[in-house]
1. Output the helices (runs of 4 or more DSSP H) that fall wholly within the stretch B:144-245 and possess 3 or more residues being among the acidic types (Asp, Glu) and not assigned by TED's automatic domain parsing to the domain that holds B:TYR15, or say none.
2. Within the stretch A:352-375, restricting attention to residues that are in a helix (DSSP H, G or I) and either open to solvent by 50 Å² or more (accessible area, probe 1.4 Å) or of a type in the set (Asp, Glu) (or both), which residue is nearest to the ligand (Cβ to nearest atom)?
3. Checking the conditions here, which among A:LYS237, A:LYS270, A:LYS241, A:LYS276 is in contact with a Phe, Trp or Tyr (Cβ under 7 Å, 6 or more places away or on another chain) and open to solvent by 10 Å² or more (accessible area, probe 1.4 Å)?
4. When B:CYS176 is evaluated against the numbered criteria (1) more than 10 Å from chain A (Cβ to nearest Cβ); (2) buried (at least 21 other Cβ atoms within 10 Å of the Cβ); (3) in contact with a Pro (Cβ under 7 Å, 6 or more places away or on another chain), which criterion, by number, is the only one it fails?
5. Mind listing whichever residues of the stretch B:25-62 are closer than 23 Å to B:ASP108 by Cβ, in a helix (DSSP H, G or I) and open to solvent by 10 Å² or more (accessible area, probe 1.4 Å)?
6. Can you tell me how many residues in the stretch B:10-37 are away from every other protein chain (no Cβ under 11 Å) and within 16 Å of the chain's Cα centre (by Cα)?
7. Looking at the stretch A:100-123 only, could you name the residues that are touching a strand residue (DSSP E or B) at 6+ places or on another chain (Cβ under 8 Å), surrounded by fewer than 20 Cβ atoms within 10 Å (Cβ to Cβ) and not in a helix (DSSP H, G or I)?
Amino acid sequence: MSHSKLAGIFNKDEKKVDWHDKALWFVRHKRDLSVHQVKGWEELRNLGHGIKAHTLSHLDVYLEQFEANALKNGVQVHWAANGDEHNQIVHSILKADNAKKVVKSKSMLTEECHLNPFLEANDIEVIDTDLGERIVQLAKEKPSHIVLPAIHKNKLEVDELFQEHLGTEPCDGDPQYLTGEARKHLREKFIHADAAITGVNFAIAENGGFVVCTNEGNADMGAHLAPIHIACMGVEKIIPKQEHLGVFLRLLARSATGQPITTYSSHFRKPGKGVKMHIVIVDNGRSKQLSRPDFRASLHCIRCGACMNTCPIYRRSGGHSYDATIPGPIGSILSPGKDLTKYSTLPFASTLCGSCSDVCPVKIDIHTQLYKWRQIIGKETPQPFIKKKSMAAMGKIFSKPSLYGKVGAVARWALRTLPKSLINAWPNIWGKTRDLPVGPKKSFDQWYKERENNKKTDQK
Amino acid sequence: MKVGLFIPCYINQLYPQVGKATLELLEKLKVEVVYPSGQTCCGQPMANSGFENESEGACINFVNNFKDFDYIVTPSGSCAYHVKKHYNIIQQTDDVIKVRKNVYELCDFILNVLKIKNLGASFPYKVGVHKSCHGLRGLRLGSSSELVIEPYSYIEELLKEVEGIELMPLDRSDECCGFGGTFAVTEDVVSAKMGKDKIQDHLRNGVEVITATDVSCLMHLEGLITRNKQPLQVRHIAEILNSTI
Ligand code: SF4
């Protein structure tokens, strides 16, 4: 379904839209307060952008350096060309040790590869341990935001969901009680887990270490208790040096939630005693995106979610309206690279207001890329006949001044003369919610010409 | 200094009063203004819809009409931005480069080229400024709320000099109004919701007149205001700066 259709469905409940909009605007506001305390914020953004651009242009070198160092550290490294390979690798690691119960901290990559259903089909229990992700998992939904996966759900819905799945008492959505119960439930899962899967926020080439950021400590709980730790990362997560963390950790936390630092920035390097540590490095379309100069910078993304919080469309259409793993502005420039036809409406789910590009901590020119995807979609995907024809007609009218004058006069006449009811009822989507301006008698053009003529006669 | 006036297609056809105000204002400031009669549209509607190639004729027509002027001034941030940013699709002749460099949004031109601030206008109303996105984040007519830089706003600098005007601060200083060209039609539900929310922000803050550098945003907002019979008016910034009430 197109973005606009799904957005229309979300907008059936205006109160919910208002609540969703305000909740996310609040996060954007917190981000503003927090970044305005950093004097060199724009300089940090430049650095973040520069480091990412440099790394991506030497991606092979840094990935191999990372692999060599990780191996030295006693970590096993696996390479996956696509989602299927990734899932199979993870499964084979688990199978080798007969691991049946898995706890997983947040990882958009495993969402992208559809790891959970794959493991479940192989008789392995996967529990998402990030509270928001656990909520959507229980509801059998997808995350609607990359940092706040359950932002589309209010506390009353969570209350009901927990009653059904965790056997909690009705509590009128008391957040303290609900998180307390979730904590109990998850502790059980942590204690009995055979393996922990985590994502990776940053992988450091020079020492083979990696960093996982969470606010709930759930990645640590999983990785420190289970005998197997599998960390899954996209190739673009690599950074050259440890010291670069000083740039990215600051950018990430402030942009994501307005915190000066994420509560847990956990550094992993070597497996503990008796623990096996694996890293799965995944391409899944990323090198293809890297090969497109106009869209390369989309791989800079550090998944802070700020472009979603700021996007006036995202806030009013909900994450599910994008029908993609990564929603919002960044999702709209990543998804068409995966399936142009399926995601052809996403680059149009924007007014090109540019707020996403200004908020992005690594300065991805998101709105420019949206515009560029539009051009590709216009050329390469089947377009409605009417749209194609009207664009060609417009092109002609605007390149011929004489034609343009005539068409304009007819339109003005119609707006001025025809009854409002008729104008607004005409297959006119504009008129569903908005009136059209009253057509003036004269265009500016006519008025100007008359004025010039009068001037000439005056002079005579 | 010879200035060519560009009046965007929808202003020409639907809001001629904005074109008149722009012309009168520039003439008041003793600028030699000419309105080339062969002009049509900058090409933006096709380009933003994904049909950049269909807009080439419009781009060439634009350049042909304006290549002989020192400056091109237009009461639209969006069109000026389009010429500057997206006229890379036609061959970059000297004329094209010159036109792209010298095209200015009206306020930008008055403040930064003419270097005039006080235009002798008066407008005794409570005014809310809608910072149209292409002007704000494209032409950088002001600092956007996302960036950590010294705050500035060309529009407000000019409006502050208008006698009797009261500028009302908004809760969300620069959120998009939801027009977005064909977005207003292809994503009509979200577009209308954005506009409605924007209008509420102005109403909550006691605004009587909404102004902007772009008529397109105002047309969208006015359409909603008229339909919902709300106590608000819209005026293009040229109309306020040219006003002596
Ligand atoms: S594109 Fe930029 S703002 Fe959006 S999630 Fe990625 S890093 Fe954050």
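1. Fully inside the stretch B:144-245 and qualifying: B:188-204.
2. Result: A:ASP358.
3. Exactly one of A:LYS237, A:LYS270, A:LYS241, A:LYS276 is in contact with a Phe, Trp or Tyr (Cβ under 7 Å, 6 or more places away or on another chain) and open to solvent by 10 Å² or more (accessible area, probe 1.4 Å), namely A:LYS237.
4. So the condition that B:CYS176 fails would be (1).
5. Selection gives B:GLU27, B:LYS28, B:GLN44, B:PRO45, B:ASN48.
6. Adding up the residues that qualify gives 2.
7. A:LYS100, A:LYS101
Rundown of residues vs (1) farther than 20 Å from A:PRO227 by Cβ; (2) touching a helix residue (DSSP H, G or I) at 6+ places or on another chain (Cβ under 8 Å), yes/no style:
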| position | (1), (2) |
| --- | --- |
| A:LEU94 | no, yes |
| A:VAL103 | no, yes |
| A:LYS106 | yes, yes |
| A:HIS114 | yes, yes |
| A:PRO117 | yes, no |
| A:ASP123 | no, no |
| A:GLN137 | yes, yes |
| A:HIS152 | yes, yes |
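The values are calculated or read from the model by the stated rules, or taken from the named source; none is laboratory data. A quick note: this is a predicted structure, and the numbers were derived from the prediction, not measured. Because the Cβ atoms are built from the backbone with ideal geometry, glycine has one as well, and the counts that use them run over all protein chains shown. Protein only, heavy atoms only, side chains kept; ligands, DNA and RNA dropped before computing areas. Shrake-Rupley method; radii C 1.70, N 1.55, O 1.52, S 1.80 Å.
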